[in-house]
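What follows is a set of notes on a single structure, which appears directly below.
The values are calculated or read from the model by the stated rules, or taken from the named source; none is laboratory data. Please read these numbers as outputs of a predicted model, since none were measured by experiment. FYI the Cβ positions are ideal-geometry reconstructions off the backbone, even for glycines, and counts take in every protein chain you see.
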Amino acid sequence: MLEQARAPCPWHQPVWTALVEQTRHAHAYLFGGPPGIGKRQFAQAFAAFLLCNEPAHGMACGRCRSCLLRQAGSHPDVCTVAPEEEGKAIRVDAVRQLGDFISQTAQQGGRKVVVLYPAEAMNQNAANALLKSLEEPTAETYLLLVSDQPSRLLATIRSRCLVQSLGMPSRSAALEWLGQALPELAVDQREALFVMAGGAPLRAADLAAMDALRMRSEVVDGIKALLKSQAGASQLAERWSKIPLELVADWFHSWTLDLLRLSTGAAETAVNADMDKVLGYMAQRLDGAALMQWQAWLLEHRGMILGKANLNRVLLLESLLLQWKQLVERR
Ligand SMILES: [Zn+2]
């Protein structure tokens, strides 16, 4: 679906319109912004627009030979560069192949487009190889880079691209989009996904696809049982063996922010509605110093988890749960 998108997400329409109405396009763009908000879809739609033989209404037509080839995934003049596996680096070989692609003549007689994401995943050698392509632009060849963290790119790469920031949708726009993308879910389920995804709708849809709602309720039930001493930390840590650590770390992080807001009186209800009662209970019994210590521990370990450090997941979860419980236990 994503690869074939002809239109950007609705909240990016103003940026899109301004872009496609330009009579001349830059030879390299960098689309930056938070993850999960449709940057890749934007870049793919723009690639489709650039390649289309008869764009209409500011979009690729979807019917011409070029569009049909692209939709079939066999357009010879579009090249997508991404890590071989999600979370891995984009290696120099991939960028060198890109150089070959750029130096060839367009086979369909028109333009050539490269879509590269996430650009921050390029290792040093790959970035240097790309720089060469950027320094020697080829006529009718367009480079579209997509990045969650444009500030992590080489300044020399950024400066050779036209940088276009793509923003988050409003809450209402995001929920409306989720309503169309996930009509089978109830309103409160879509809102729960929206909160879990930090307001990023495409991330929310990914979470739905990986069954995060079910995992979430399992973890929430586990926390309740833990606090009531009906379940032990090690038992839960074993039971959660199929739940990605990244998700658990994200949830505890978000709950901790709720705890801070609730315990300082900055908020009266938790953002995480499914944990509202638990967090309200905990906020009343918290020790401020312990909360600070916990937060530091969580930040450090969340960083290790997101950085794909080699961790013993059962021990880590057990330690996390014990500390969480200790937050509200009198010493
Ligand atoms: Zn077309």
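Could you tell me whether residue 91 is at pLDDT below 95, within 22 Å of the chain's Cα centre (by Cα) and buried (at least 16 other Cβ atoms within 10 Å of the Cβ)?
Answer is yes for this residue.
For the subset of the stretch 30-48 comprising residues that are closer than 18 Å to residue 162 by Cβ and more than 16 Å from the ligand (Cβ to nearest atom), which member is farthest from the chain's Cα centre (by Cα)?
30
Being farther than 27 Å from residue 200 by Cβ and in contact (Cβ under 8 Å) with a residue 60 or more places away in the chain is the filter; apply it to the stretch 26-66 and report the residue that is surrounded by the most Cβ atoms within 10 Å (Cβ to Cβ).
My answer is 51.
Residue 235: under 30 Å from residue 8 (Cα atoms), polar (S, T, N, Q) and either in a loop (DSSP other than H, G, I, E, B) or out of contact with any Cys (no Cβ under 6 Å at 6 or more places or on another chain) (or both), yes or no?
Answer is no for this residue.
Among helices (runs of 4 or more DSSP H) lying entirely in the stretch 243-326, which contain 3 or more residues that are closer than 21 Å to residue 191 by Cβ and at pLDDT 95 or above?
So the answer is 245-264, 276-285.
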